[in-house]
1. Going 7 Å from the Cα of E555 toward and past its Cβ, which residues in region 242-257 have a backbone nitrogen under 20 Å from where you end up?
2. If amide hydrogens are placed 1.01 Å from N in the peptide plane, which non-local residues have theirs closer than 5 Å to the one on T420?
3. How would you rank 145-155, 301-311, highest first, on the average number of other Cβ atoms within 10 Å across their residues?
4. Given an 8 Å cut-off on Cα distances and at least 6 residues of separation, report the relative contact order of region 446-525 as a percent.
5. May I ask you to compute the full-extension gain from V116 to Q290, defined as 0.36 nm times their residue separation minus their alpha-carbon distance, rounded to one decimal in nm?
6. Exceeding 25 Å between C-alpha atoms, which entries from my cross-link table qualify? They are K167/K357; K71/K102; K357/K542.
7. Long-range amide H contacts for D269: which residues qualify at under 5 Å (H placed 1.01 Å from N, peptide plane, sequence gap of 5 or more or a different chain)?
8. I need the calculated FRET efficiency for the pair K167 and R546, taking r as the beta carbon distance and R₀ as 30 Å, to the nearest 0.05.
Amino acid sequence: NERSDRMANALAQLPQKQHHRFVPCEASLQSDAPGWNNDHTNVSSINNVNSDQDKRSGSQDSNADGPICWKCKNQNPNTSGHSEKTTEDTTTRNMSKRKQRKLEKKQNRIHLPCSVCRGKGRLPISQRQQTNPSPNGQSSKEAGVVKRARPNPPGFVPRGPMAVALKSSNDEDQGHAWVSQIQQADAGLHDVWVPASASSSQSTTAATTTAPPPCWLPRPGEQLVKLLGHWRILQRIGSHRWTTDDLVTAYVAATTARGSRSSVVRYLDLGCGNGSVLQMVSWAILEQQQQEPKESCFLDTTGVEARSEAVALARRSLAFNVGSTPTPHYSVQIHHADFRQFVTMQNDEKNGTTPPKYDLITGTPPYFRVNFTTTTTTTTAAVQSTSTTITTSPNNIVNHDDDDQMANQESQIPIPDSETVVVVDQAVIQQGGMPTSIQSAPARCEFRGGIEAYCQAAAPLLEPQHGRFVVCNSFVNHQRSQVAAHEAGLDIVHTVLVEGCRGRGILFVVYVMKLRNIDKSDDEKSDIVSSETEKQQGTEEKLTVREVSGKWSDEYVKKVFARMSIPGPIYAT
């Protein structure tokens with residue numbers, strides 16, 4: 001018996017392979033995209049957050065392997081490609097000519113390596129960089145770029161709140177030295193190149209004093225691009241960038257919250273990424289409050305994101321747009337956490353009290369399914385883990401100038417002896433191809449959950465009377481989205497069918513949901529968060545983005561561009 005017990009204990013401590021539909025929550029923060037490449041974070045590297053920051057944010061070696069090949073899925077990659085026939089003769093008897101041809105084709109061929117990965121089983125990491133040099137001969141690898149804005153059509157004037165960075169009046173502030181150049185970029189004159197020395201916190205320019213450079217200056221490999229109105233957003237070249245899905249989702253959410261009469265609006269963005277939807281919706285609500293000023297109005301914005309690089313970019317973008325100090329009318333927090341654990345973490349922070357309810361919640365779930373393989377090991381000594389930590393920046397949007405500093409601010413929770421540790425070994429995509437950028441992969445593929453996880457996370461956080469959840473998904477998953485809403489206790493009150501190009505079918509869908517079983521006698525009369533699209537339950541509309549010629553459709557320009565203060569196109573006549 002003792003021997004069998006020892007053997008059982010030994011077997012229990014051996015690594016156990018398991019298969020998962022999503023990344024387990026306990027391994028979610030080990031990397032920005034767990035299992036995306038074969039250089040996954042191991043248990044020992046969890047203890048050293050600083051040295052692991054490159055892996056977490058996607059700064060891998062260019063020679064490292066990327067994601068598993070979407071074609072051969074790393075299964076016999078040397079015999080998964082095209083084939084060539086041989087000149088051997090095949091003799092068959094008692095077979096039809098059709099079967100003989102099939103047999104000959106099967107037997108008389110030489111298998112070549114996979115045509116996608118060339119027999120390696122994995123794809124190379126994306127190294128796409130901008131090749132157009134600056135006037136000084138610098139490339140995007142050596143300098144950041146403030147992209148010039150789209151030319152404004154006649155009569156167009158940007159609306160909405162002014163970016164705080166453009167209000168700088170302190171001559172000793174390094175940000176003030178860049179204001180005039182950014183204004184030239186806003187006017188669409190030219191791009192502004194920011195050398196690495198200007199965006200580094202360890203050095204200053206000759207025109208400035210000892211004041212550090214503003215954190216929102218783009219660093220090498222980054223672009224500060226126009227978002228909407230006077231606001232801009234930081235994005236990495238060759239990485240995940242905001243898309244039409246984000247813009248339409250923000251437009252529907254802004255329309256949903258347009259009739260708000262509440263003095264305080266609580267807004268949450270699940271999986272906020274670089275903060276594109278979060279900032280667009282916040283801009284729209286603040287712009288509405290400017291048109292109807294209220295002394296007591298206040299917007300409380302919260303974002304949750306698991307990718308460390310995306311969190312850093314979102315916080316720096318917010319520093320440019322709304323500043324790093326709280327205002328009497330606006331507060332923002334960006335949590336570095338897995339949104340699936342957000343409710344539990346808030347309960348822990350509130351000492352078991354009920355988590356706050358939100359008037360508006362948005363989400364842009366990934367579309368493509370991924371299967372994960374994990375290894376579970378049992379630790380025998382106490383180690384430190386960050387897999388269940390949450391980092392916030394309450395009322396201080398950006399309090400770190402380096403990405404590494406954010407990792408240093410993460411609290412660490414000790415793992416007791418004999419605690420199990422889960423490491424994601426590989427992620428194999430089941431639909432389409434896995435992106436070769438580590439930041440794009442979890443934004444497009446279901447690493448931390450799909451539409452079901454978003455609905456389950458939003459339902460307990462919605463204000464029961466008037467809260468609305470605005471979420472988008474691929475039209476391929478339309479039925480799946482309806483089932484996910486029903487199982488989470490949500491009703492779809494409005495649907496926006498988005499057609500990418502006229503006549504080519506629906507591309508994606510934006511849903512407006514609310515909690516089920518609400519007393520409509522009083523609650524439907526509430527205008528706290530109302531919308532013109534909710535006059536009828538279960539309403540539906542169609543929105544076309546482009547015409548067959550490739551031009552923006554008139555309805556898209558008049559509805560989306562006009563509402564979000566984006567300049568319309570200028571076509572040659």
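The values are calculated or read from the model by the stated rules, or taken from the named source; none is laboratory data. Everything quoted here is computed from the prediction, not taken from an experiment. Heads up, the Cβs are rebuilt from the backbone with ideal geometry, glycines too, and the neighbour counts pull from every protein chain shown. Ligands, DNA and RNA are stripped out before the accessible areas are found, and what is left, the full protein with its side chains, is counted by its heavy atoms. Shrake-Rupley method; radii C 1.70, N 1.55, O 1.52, S 1.80 Å.
1. Within reach of a label on E555, which here means backbone N under 20 Å from a point 7 Å along Cα→Cβ, region 242-257 contributes 244-256.
2. Those lying under 5 Å, H to H, from T420 are T379.
3. 301-311, 145-155
4. Computed over region 446-525, the figure is 36 percent.
5. Separation in residues times 0.36 nm, less the Cα-Cα distance, equals 57.3 nm.
6. K167/K357; K357/K542
7. Answer set, sorted by chain and number: T302, G303, V304, T362.
8. It comes to 0.25.
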